[in-house]
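Below is one structure, written out as structure tokens; the observations come after it.
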Amino acid sequence: MYDKLFEPINVGGVTIKNRIVRSPHGTGLFGDDFIAYHVARAKGGVGMSTVSATSVHPNAPGALPVWSDDCKPY
């Protein structure tokens with residue numbers, strides 16, 4: 001019944017190993033915990049992981065604040 005879920009699929013010229021896709025979620029901050037969390041899901045077998053949107057200026061709230069010192073040294 002779920003055979004297609006584990007089959008590869010091509011999306012925009014990229015082959016994804018299965019059809020398990022994670023939507024973005026999290027604290028809104030980027031750091032070692034954020035990286036470790038997504039690495040663990042990738043090792044667990046998820047086909048595609050959407051991380052988050054990113055803002056480069058404080059006027060764009062609701063995304064990873066790469067303009068903030070909280071996200072450095074990344």
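Say we look at the range 41-74 and pick out the residues that are closer than 30 Å to LEU5 by Cα and of a type in the set (Lys, Arg); which of these is modelled with the lowest pLDDT? If we take residues in the range 41-74 being closer than 30 Å to LEU5 by Cα and of a type in the set (Lys, Arg), then ARG41 is modelled with the lowest pLDDT.
Residues of the range 1-47 that are of a type outside the set (Ser, Thr, Tyr), more than 30 Å from ASP70 (Cβ to Cβ) and not in a loop (DSSP other than H, G, I, E, B): ASP3, LYS4, LEU5, PHE6, ILE9, ASN10, VAL11, VAL14, ILE16. Look at the range 10-31: where a residue is farther than 14 Å from ALA42 by Cβ and a partner is part of a strand (DSSP E or B), sitting 6+ places away or on another chain with Cβ atoms under 6 Å, you get ARG19/ILE9; PHE30/LEU64.
Among the residues making up the range 23-40, a single one is at pLDDT 90 or above and either surrounded by 11 or more Cβ atoms within 10 Å (Cβ to Cβ) or among the basic types (Lys, Arg) (or both): VAL39. Residues in the range 1-22 that are among the aromatic types (Phe, Trp, Tyr) and surrounded by 11 or more Cβ atoms within 10 Å (Cβ to Cβ): PHE6 alone.
The values are calculated or read from the model by the stated rules, or taken from the named source; none is laboratory data. Everything quoted here is computed from the prediction, not taken from an experiment. Neighbour counts run over all protein chains shown; Cβ positions are idealised from the backbone, glycine included.
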